[in-house]
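Please treat every number below as a calculation from the coordinates, not as lab data. Just so it is clear, the structure is predicted and the values come from calculations on it, not from any experiment. Virtual Cβ from ideal backbone geometry, glycine too; neighbours counted across all protein chains shown.
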């Protein structure tokens, strides 16, 4: 009887240690506040009123509420640091509405043209700042572009 008790006790101990929960390395949750990284800016020398500038932006958002279905709504903002003006841009839905899923990817922001703010006959250097705002109103971090030279026509 004593041997049976030891066997049962040993089996129970092995069963308890065998059922030990494995540690799975989990990624921390992604923040619902969007974050962006500037991946590329081209070109970095432009002529006023003529050349477009393209910014490649990587985004990460924990709940996927970036962009709008309504094209009159804006969620991308570009600040001209020379004169502190803000241009806003439409960003289409990057995930379906009413679905909360983490998303990441790259989108391009096109600035059709830029201007000289001075007298107009000498080149200027501009740095733009870019940020996003999601549908919940969370503002992303702000990224700065490299210096861009704007030449007169």
Exercise. With respect to residue 68, determine if the residue is surrounded by 14 or more Cβ atoms within 10 Å (Cβ to Cβ) and within 20 Å of residue 145 (Cα to Cα).
Key: no
Quiz prompt | Entirely in the range 30-85, the strands (runs of 3 or more DSSP E) that have 1 or more residues that are over 19 Å from the mean Cα position of the chain (by Cα) and more than 27 Å from residue 122 (Cβ to Cβ) | solution = none
Exercise. Could you check residue 113 against (1) in contact with a strand residue (DSSP E or B) (Cβ under 9 Å, 6 or more places away or on another chain); (2) free of Cβ contacts under 8 Å to residues at least 40 places away in the same chain; (3) not in a strand (DSSP E or B) and say which number it fails?
Key: (2)
Quiz item: Would it be correct to say that residue 130 is surrounded by 14 or more Cβ atoms within 10 Å (Cβ to Cβ) and either in contact (Cβ under 8 Å) with a residue 12 or more places away in the chain or not in a loop (DSSP other than H, G, I, E, B) (or both)?
Solution: yes
Quiz prompt | Filter result for residue 122 (surrounded by 12 or more Cβ atoms within 10 Å (Cβ to Cβ) and in a loop (DSSP other than H, G, I, E, B)) | solution = no
